[in-house]
Amino acid sequence: MPYTNVHRAARISPTKARPLADLIRGKRYDEAVTQLELSKRRGAVLMKAALIAAYANADQAEANTRRLVVTDARVDSGPTMKRWQPKDRGRAHPIMKRTSHITVTVDER
């Protein structure tokens with residue numbers, strides 16, 4: 001049975017977080033955590049938190065935690081905060097502050 005965790009509206013752009021999802025997809029839990037701890041990317045902290053929460057869900061359901069594998073790691077776009085930056089001669093340029101929905105699923109091998 002798969003165990004999932006979703007971190008909604010994480011304050012990181014989906015394009016910055018997707019390579020981390022690709023990095024851990026298909027790996028064992030302990031390997032994935034190690035990869036994220038050693039990564040220098042800012043999104044690794046958010047991805048690791050979602051992965052640990054999915055592990056806790058599996059542990060709470062009394063699954064065999066030694067055999068857990070990351071079956072699905074996905075980053076979808078969340079709501080965008082729209083802001084404006086004042087520019088010269090009274091103009092305004094839009095700033096899109098993007099958010100992500102980070103989904104991590106672990107399952108027993």
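The values are calculated or read from the model by the stated rules, or taken from the named source; none is laboratory data. Nothing here was measured: the structure is a model prediction, and the numbers come from that model. When we count neighbours, we look across all protein chains shown, and the Cβ atoms used for this are built from the backbone with ideal geometry, even at glycine.
Quick look at the values:
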| quantity | calculated |
| --- | --- |
| Pairs, first under 20 Å from residue 8 (Cα atoms) in the stretch 33-57, second of a type in the set (Phe, Trp, Tyr), C-beta under 7 Å, six or more apart | 54/3; 55/29; 57/3 |
| Some residue of the stretch 47-70 being in contact with a Pro (Cβ under 6 Å, 6 or more places away or on another chain), within 21 Å of residue 19 (Cα to Cα), at pLDDT 95 or above and not β-branched (Val, Ile, Thr) | no |
| Residues located in the stretch 1-36, provided they are surrounded by 13 or more Cβ atoms within 10 Å (Cβ to Cβ), assigned to a loop (DSSP other than H, G, I, E, B) and among the aliphatic types (A, V, I, L, M) | 12 |
| Residues located in the stretch 37-56, provided they are crowded, with 16+ Cβ neighbours inside 10 Å and among the basic types (Lys, Arg) | 48 |
| Elements of type strands (runs of 3 or more DSSP E) contained in the stretch 37-109, each with 2 or more residues being among the polar types (S, T, N, Q) and within 12 Å of residue 4 (Cα to Cα) | 100-108 |
